[in-house]
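What follows is calculated from the coordinates using simple rules that are stated; it is not laboratory data. Note that the structure is a prediction, hence the values are computed from the model and not measured. Note: ideal-geometry Cβ built from the backbone for every residue, glycine included; neighbour counts use all protein chains shown.
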Amino acid sequence: MFTGIIKKTGLIKKIENLKKGKRILVKSSLKFNKKSDVGASISCSGVCLTIEKIEKKYVSFYLSNETLRLSNFKNLKLNQIINLEQSLKFGDRISGHFVQGHIDDVCKLKDKKIVGKSWYLYFSLNKKLKKFLVKKSSIAINGVSLTIAKIFNNGFLIVVIPHTLRLTNLKYIKKNDILNVEIDIFAKYIKNLK
């Protein structure tokens with residue numbers, strides 16, 4: 001479980017294609033314990049991945065075919081910057097919202113407007129997920145906890161503040177980029193009860 005409050009990013013330094021997935025090597029300034037953190041869950045641009053190996057500032061993760069199918073990781077490139085978040089510890093402050101790292105789908109950036117110091121990001125989204133969107137509710141984009149500002153027939157608007165831009169890979173996105181999206185878990189549960 002994560003909060004979507006990103007404080008560190010990582011750099012993809014190696015991509016290994018396997019028969020049933022990929023293995024990636026990520027360079028990061030996040031502090032890991034070589035003994036106790038192997039097997040830990042890390043949110044990598046919103047995707048919950050398990051640490052396989054730690055070597056100094058390098059961490060390796062395995063990506064299954066299911067992960068590749070559902071996320072934008074099928075298009076990973078060397079030196080791509082990804083958002084990183086370590087999992088919650090009992091008693092941690094929750095500044096964002098509950099993020100599982102279970103990607104529901106991807107969304108596409110349709111437009112970006114800069115208003116003052118904030119970025120207005122307009123995303124298109126698969127229509128089957130629109131029923132879960134509520135104005136002012138939470139959504140995770142590339143693992144970042146954000147608030148839905150407005151809902152449209154074919155998507156939604158997010159307003160991103162400078163602090164969030166500075167700490168995440170959202171500052172690098174451009175029109176037509178594909179990003180990972182996780183719908184708020186409570187919205188999914190409540191909708192399922194009906």
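Give, rounded to the nearest 20 debye, the magnitude of the charge dipole that the chain has about its Cα centre when Lys and Arg contribute +1 at Cβ and Asp and Glu contribute -1 at Cβ.
Computed charge dipole of the chain: roughly 400 debye.
What distance in nm separates the two pseudo spin-label positions at N154 and R93, each 7 Å out from Cα along the beta-carbon direction?
With each label point 7 Å from Cα toward Cβ, the separation is 4.1 nm.
Are there chymotrypsin sites (Phe, Trp or Tyr not before Pro) in region 108-140 that DSSP puts in a loop and that have at most 12 other Cβ atoms within 10 Å, and which ones?
none
How large are Rg and Dmax for region 8-86 when calculated on the C-alpha trace, in angstrom?
Taking only Cα atoms of region 8-86, I get Rg and Dmax of 11.4, 31 Å.
Hey, in the GNM for the chain with a 10 angstrom Cα cutoff, which one of G143, G91, G46 fluctuates hardest?
Among G143, G91, G46, the largest GNM mean-square fluctuation belongs to G91.
With point charges of +1 on the Cβ of Lys and Arg and -1 on the Cβ of Asp and Glu, referenced to the Cα centre of region 105-193, which listed residue (F186, N126, L165) lies farthest in the positive direction of the dipole?
The one lying farthest along the dipole's positive direction is N126.
Taking the Cβ-Cβ separation of T147 and K174 as r and a Förster radius of 35 Å, what is the calculated FRET efficiency to the nearest 0.05?
0.95
With each pseudo-label sitting 7 Å past Cα toward Cβ, what's the I161-D111 distance in nm, one decimal?
Result: 2.5 nm between the two label points.
Can you give the net charge of the other residues whose Cβ lies under 11 Å from the Cβ of L167, counting K and R as +1 and D and E as -1?
Local net charge: +3.
Compute the projected area of the convex hull of the Cα atoms of region 1-144, averaged over all viewing directions, and report it in nm² to one decimal place.
Average projection, Cα convex hull of region 1-144: 10.1 nm².
List the aspartates and glutamates whose alpha-carbon lies under 15 Å from that of K131, not counting same-chain residues fewer than 8 positions away?
Correct list for K131: D104, D105, E182, D184.
How big is region 105-193 by Rg and Dmax over its Cα atoms, in Å?
Cα only, region 105-193: 12.5, 41 Å (Rg, Dmax).
If you take every residue apart from G21 with its C-beta less than 15 Å away from the C-beta of G21, what net charge results, scoring Lys and Arg +1 and Asp and Glu -1?
So the environment of G21 carries a net charge of +4.
Go through 3-10, 105-112 and give me the packing order, highest mean Cβ count within 10 Å leading.
3-10, 105-112
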